[in-house]
Amino acid sequence: MLVFAEDAVDEIYEVLRTTFRGHRNLASAYRFLAALLHRSELVARTTYVERLPEWIGRVRDPKDAALFACASTSRADSMVSGDRDVLVLRGKVPIKVLRTRDLLALIGES
């Protein structure tokens, strides 16, 4: 099951909007993300808020603490990000961190 932290959804849309501004496939990317979110579980902030303090000191960007708190609370097998502040923790935290392209490759193999 794919899960999304409530804190992350708006940021994902913002990253798409700013990173791919003017790209001819931006509308398709928005539709893909909306479909992905529709088929996923949205984890409410209230579910993982108690775990935020343990992650705030471990991440470079405090906003990313919510991602790790959500993943650990949800007992996720792994988490996916293209954010360098998250990727730098690969192999240094108990949660497997995949690059976005790694996930897309896994999906393509299925």
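The values are calculated or read from the model by the stated rules, or taken from the named source; none is laboratory data. Remember, it's a predicted structure, so these values are computed and weren't measured experimentally. As a convention, Cβ positions derive from the backbone with ideal geometry for all residues, glycine included, and neighbour counts pool all protein chains shown.
The condition of being of a type in the set (Gly, Ala, Ser) and closer than 12 Å to Ala8 by Cβ holds for only one of Ala35, Ala71, Ala29, that being Ala71. Of everything in the stretch 1-49 that is under 17 Å from Ala69 (Cβ atoms) and among the polar types (S, T, N, Q), the residue that is surrounded by the fewest Cβ atoms within 10 Å (Cβ to Cβ) is Thr46.
Going residue by residue through the stretch 99-109, is there one that turns out to be farther than 18 Å from Glu11 by Cβ, outside any helix (DSSP H, G or I) and modelled with pLDDT under 95? Write out each step before concluding.
Of all residues in the stretch 99-109, those farther than 18 Å from Glu11 by Cβ come to 101-102, 104-109.
After this cut, where a residue has to be outside any helix (DSSP H, G or I) as well, the list is none.
No, the stretch 99-109 contains no residue that is farther than 18 Å from Glu11 by Cβ, outside any helix (DSSP H, G or I) and modelled with pLDDT under 95.
Do you know which residues across the stretch 74-95 are outside any strand (DSSP E or B) and closer than 15 Å to Leu2 by Cβ? Full working, then the answer.
Taking the stretch 74-95 first, the residues outside any strand (DSSP E or B) are 74-77, 81-95.
Of everything in the stretch 74-95, those that are outside any strand (DSSP E or B) and closer than 15 Å to Leu2 by Cβ turn out to be Ser74, Arg75, Ala76, Asp77, Ser81, Ile95.
Just one of the numbered conditions (1) on the phi > 0 side of the Ramachandran plot; (2) under 10 Å from the mean Cα position of the chain (by Cα) is not true of Gly91; which one? Among (1) on the phi > 0 side of the Ramachandran plot; (2) under 10 Å from the mean Cα position of the chain (by Cα), the lone unmet condition for Gly91 is (2).
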